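I have placed the structure first, in the form of structure tokens, so that the comments after it can refer back to it.
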Amino acid sequence: MPSDLAILPTGAVLGAEIRGLNLAEPMDDHTFEAIDDAFARFGVIFFRAQHITPQQQVAFTRRFGTIEFNIFGERWSVPGAPEIVVVSNVTENGKPVGVRRAGENWHSDMCYAARPPRGTMLYAIETPALYGLPLGDTEFASAAAAWDALPDDLRQRIEGRRAVFDFTGRKRAFPPTADEIARNPPVTHPIVRTHPRSGRKCLYVMRDDCTGIEGIPAEEAEALIAALADHIVKPQFIYRHQWRPGDVLMWDNCTVQHRAIQDYDLPQRRLMHRTTMGGAAPA
Ligand code: OGA
Ligand code: MN
């Protein structure tokens, strides 16, 4: 393990920076284990000042789980690297080079899938700024800390319940095709998940994607989903990441929810390479 490896918690309830590693170099299993542990513990980890190729990003992502392909990748992947989705506001010859408005509202990636991805990784190549002030932050909310803060009677009320997650519930940047809708029928997941590594309980509820809770009348379920979704994203549960070019950051889709802050526009450019790591059905 490199002797200068350091894990620096952000000071918020989630997130840590990992220093002393060059992700373009081979990584031994001990070092990887330390990173994987930090990932489970902090929910978000990031490495600054990296320079990695698409192949290196894919190989690093693969150590956390099989690569997942998603609906965006079918439209915007990196040439020669179908595993990487381009997230960007940049246009070339009048055409967007990537998916532009990824995740403006609070969400957990692909929660509408039977097996949502364990985690998602973004490699920041260009990040927007104005007058030297960074723009285009990403906010992360700890669904684990949010669970910890729930009163006992509410915990008892929701534990063991399942919610319906519906792909068509959320308005997307690009309206899904009939084929995509057919391939993503509604699924159910527990609204209180247990993280397979950290053992922490995490709320798994969000507006729009969650369309109902089994065993609770529709109107009441709607109110409960809204109340829980709002609870998760309270300021005390949030870490806000200010991007710098060269950041490699990953989040755990069980422990955290996230949203992109859309406070910039061209000529401020934002260009990210995104990979997702496969996961199991939430339990
Ligand atoms: C995503 C996402 C947020 C961002 O890629 O899943 O939500 O800030 N991105 O780009
Ligand atoms: Mn997302």
Net charge contributed by nearby residues that have their C-beta within less than 11 Å of Thr168 (K/R +1, D/E -1): -1
When the accessible area of the chain is split by element with a 1.4 Å probe, what percent falls to carbon and sulfur? 52 percent
Using the Cα atoms of region 103-198 to build a convex hull, what is its mean projected area in square nanometres? 9.2 nm²
Using a 1.4 Å probe on heavy atoms of the protein chains only, the accessible area for Lys201 in Å², nearest 10, reads 70 Å²
At Asp152 and Arg62, where each label point lies 7 Å from the Cα along Cα→Cβ, what is the point-to-point distance in nanometres? 5.0 nm
For Lys234, give me every one of the lysines with a C-alpha distance below 18 angstrom, ignoring sequence neighbours fewer than eight places off in its own chain. Lys201
So, with +1 on the Cβ of K and R and -1 on the Cβ of D and E, and no other charges, what is the size of the charge dipole of region 143-283 about its Cα centre, to the nearest 20 debye? 580 debye
Compute, for region 1-278, the length of the dipole vector about the Cα centre, with Cβ point charges of +1 (Lys, Arg) and -1 (Asp, Glu) only. Units Debye, rounded to 20. 220 debye
To make sure I understand the rule: partners must be aspartates and glutamates, Cα under 18 Å from the Cα of Lys171, and not fewer than 8 residues away in the same chain. Which ones qualify? Glu104, Asp109, Asp179, Glu180, Asp208, Asp209, Glu222
Express the accessible area of region 71-193 per residue in Å², computed with a 1.4 Å probe while the remaining protein chains stay in the model. 47 Å²
If you average 1/r over every pair of different alpha-carbon atoms in the chain and take one over that average, what Kirkwood value in Å do you get? 19.4 Å
Computed over region 169-252, the convex hull of the Cα set has an average projected area, in nm², of 8.6 nm²
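The values are calculated or read from the model by the stated rules, or taken from the named source; none is laboratory data. Everything numeric here is computed off the predicted structure, so don't read it as measured data. Don't worry about glycine lacking a Cβ; one is built from the backbone with ideal geometry, like all the others, and counts go over all protein chains shown. Ligands, DNA and RNA are stripped out before the accessible areas are found, and what is left, the full protein with its side chains, is counted by its heavy atoms. Shrake-Rupley method; radii C 1.70, N 1.55, O 1.52, S 1.80 Å.
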